[in-house]
Amino acid sequence: MPALFNRRLRRRLWHSCLMVLTVSLTMPALANSFEVTDLAGRKVLLPGDPQRVILGEGRLLYTLAALQPDDPFQDLVGWRDELIRFDEDVWQRLQQRFPHAEQLARFGKAATGEFDLEQAIALNPDVIVFDLSAWPALREGSTLGTLEASGVAVIFVDFLTQADLHMVPSLRLMGRIFDAEARAETLINMRQKALEEVAKRLPEPLQRPDVLIETAAGLHPECCRSVGDDNLGRVVRLAGGNNIAAERLPNLFGQLHIEWILSRDPDVIIQTGGDWQVLSSSSIPLGYDVSEHETRAAMRELIAARPGWSTLKAVESGRVYALWHLFYNTPFQFIAVQQVAKWLHPDAMADLDPAAAWQSVHETLLPYPLEGTFWADLDPAP
């Protein structure tokens, strides 16, 4: 009996030690994990220190550059590469400073079914961050379920729509994922201050000028693509203007007929542009490698090519402006609000300095200096 008792005791002690060892090995992972709610309203358990991340939306790199300026690519194993095609000047600056970015795996657009699921799983990512626009397609197909079943944490953020509701939580999510919460809060505070500076200067009573926003002006042969009440339409509203396209476009983006624009005769025209000369020589160049002279010359050429536009009161009064298109889907949209407000209400916004605010963003947060042209005006005709 004593021998049997000793064997049972030893067995119990062994099992107890094994349980303690198992718990001790798993506790750090459990303790470091944390639950978040993403912009699709999903509760997701994130690993405490993700080091293998895929960006399912390439424009998220603007945010990541502000959060991890020492190396925005250090935690990435792959990304959607549209930034290379649609914002070449930013890509070249990042590539020169961080040449290892060239080795990252590249992915197509998830919202249109071009995301390579097998390639993603083979990279063994901890986290994949998608733009909220990809949520319907991923939810309806098998991609999201397959990724989750493979142990990948999938997060949705949004810098494109409902910025008043989505921008701050998206920044905070990105800050947690990339261990850059303090920098995320710095950017959030800069944004809030910039928007407050506009709001407190808007004249009372507020007379909202009619504004036409032409997105990616000249990039496509037909005139004119525009935006509804959200995104850059919201920028115009915050800046104290009336976005006329919201009368015709129920969705985020859409097409306006030139005849309707001529009949509506807006007070102000804002055309967006970027580093797209390779894609279309008639587009309006804006960005880090562009001079104001180049931008203004392209604006004049495009307006001259538009039938009837010379008679629009915005053109006759010189109230035609160009704005960097990439403000539309980045956390720096508040800079656009300030500059548009200055165009729409020049007297009320006389002491507002969006150029200084944009300079501060670069000096405080970004890994490359501010150069080039990000907005321009068309001088009144003599």
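No lab work stands behind these numbers, since they all come straight from the coordinates. Treat the numbers as computed from the prediction; the structure is a model and nothing was measured. Every residue, glycine among them, receives a Cβ derived from its backbone with ideal geometry; neighbour counts consider all protein chains shown.
Under unit Cβ charges (Lys, Arg +1; Asp, Glu -1), what dipole magnitude, rounded to 20 debye, does segment 28-179 have relative to its Cα centre?
The dipole magnitude comes to about 180 debye.
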Worksheet item: Once the piece of chain linking ALA355 and GLU82 is laid out straight, how much longer is it, given 0.36 nm per residue of separation minus the C-alpha distance between them?
Response: 95.6 nm
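State the dimensionless ratio Rg/Rh of segment 28-179 (Rg: radius of gyration of Cα atoms; Rh: Kirkwood radius). All intermediate terms of the calculation are to be shown ahead of the outcome.
Numbers: Rg = 14.6 Å, Rh = 15.6 Å.
Over the Cα atoms of segment 28-179, Rg/Rh equals 0.93.
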Fill in: Charge dipole magnitude, Cβ of K and R +1, D and E -1 - the chain, Cα centre, debye nearest 20
1880
Fill in: GNM top mover of PHE115, PHE159, PHE130 - the chain, alpha-carbon springs below 10 Å
PHE115
Worksheet entry | Note, ³J(HN,Hα) from phi for segment 291-308, Karplus 6.51, -1.76, 1.60, rounded to Hz, x at Gly and Pro | 8, 4, 4, 4, 4, 5, 5, 5, 4, 5, 4, 5, 5, 5, 7, 8, x, x
Worksheet item: So what J values fall out for segment 166-178 if you push phi through Karplus, 6.51 cos²θ - 1.76 cosθ + 1.60 with θ = phi - 60°, rounded to Hz, Gly and Pro as x?
Response: 9, 5, 5, x, 5, 4, 5, 4, 4, x, 6, 4, 9
Worksheet item: GLU214's amide H: which non-local residues (gap 5+, or another chain) put their own amide H closer than 5 Å, with H modeled 1.01 Å from N in plane and none for Pro or chain starts?
Response: ILE270, GLN271, THR272
Item to complete: Please state the charge dipole magnitude for segment 176-269, taken about the Cα centre, from unit charges on C-beta atoms (+1 on K and R, -1 on D and E), reported in debye and rounded to the nearest 20.
Response: 240
Worksheet, complete the sentence: Sorting TRP375, LEU238, GLN68 by the position of each Cα along the dipole of the chain (Lys, Arg +1; Asp, Glu -1; all at Cβ), the one nearest the positive end of that ordering is GLN68
Worksheet entry | Where GluC sites (Glu not before Pro) fall in DSSP loop in segment 205-254, at most 12 other Cβ within 10 Å | GLU222
Fill in: Label-point gap, in nm, between GLU196 and LEU370 - each point 7 angstrom along Cα→Cβ
2.0
Item to complete: Assign one of three labels to segment 159-227, namely rounded, prolate or oblate, based on the Cα gyration tensor with a ≥ b ≥ c the square roots of its eigenvalues; rounded applies when a/c is under 1.5, prolate when it is not and a/b is larger than b/c, and oblate otherwise.
Response: oblate
Fill in: Paramagnetic reach from ALA105 in segment 121-150 [backbone N under 11 Å; point 7 Å along Cα→Cβ]
121-126
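Report the trypsin sites (Lys or Arg not before Pro) located in segment 98-206 that are in a DSSP loop and have at most 13 other Cβ atoms inside 10 Å of their Cβ, or state none.
On the way: sites: ARG106, LYS109, ARG139, ARG172, ARG176, ARG183, ARG191, LYS193, LYS200, ARG201; in loops: LYS109, LYS200, ARG201.
Those satisfying the criteria are LYS200.
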Fill in: Relative contact order %, segment 209-377, counting alpha carbon pairs below 8 Å whose residues are six or more apart
26
Practice prompt. State, to one decimal in nm², a quarter of the convex hull surface area for the C-alpha atoms of segment 307-372, i.e. the direction-averaged projected area.
Written response: 6.0
Worksheet item: When the Karplus curve 6.51 cos²θ - 1.76 cosθ + 1.60 is applied with θ = phi - 60°, which whole-Hz ³J(HN,Hα) does each residue of segment 331-347 get, with x for Gly and Pro?
Response: x, 9, 4, 5, 5, 4, 4, 5, 5, 5, 4, 5, 5, 6, 9, x, 5
Worksheet item: For the chain, what Kirkwood radius comes out of the mean inverse Cα-Cα distance, in Å?
Response: 22.9
Item to complete: Evaluate E = 1/(1 + (r/R0)^6) for SER280 and PHE34, where r is the Cβ-Cβ distance and R0 equals 51 Å; express this FRET efficiency to the nearest 0.05.
Response: 0.70
Item to complete: Take the alpha-carbon centre of segment 238-287, take the same for segment 312-342, and report the distance between them in whole Å.
Response: 10
Worksheet item: By counting other Cβ atoms within 10 Å of each Cβ, how are GLU363, GLU181 ranked from fewest to most?
Response: GLU363, GLU181
Practice prompt. Report Rg (one decimal) and Dmax (nearest whole number) for segment 209-377, counting Cα atoms only, units Å.
Written response: 15.1, 46
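When a footprinting reagent is the concern and you count Cβ atoms within 10 Å, what order do SER283, SER291 take, fewest first?
Ranking SER283, SER291 by Cβ neighbours within 10 Å, fewest first, gives SER291, SER283.
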Discussion item. Sort ASP229, ASP158, ASP379 by Cβ crowding within 10 Å, fewest neighbours at the top.
Written reply: ASP379, ASP229, ASP158
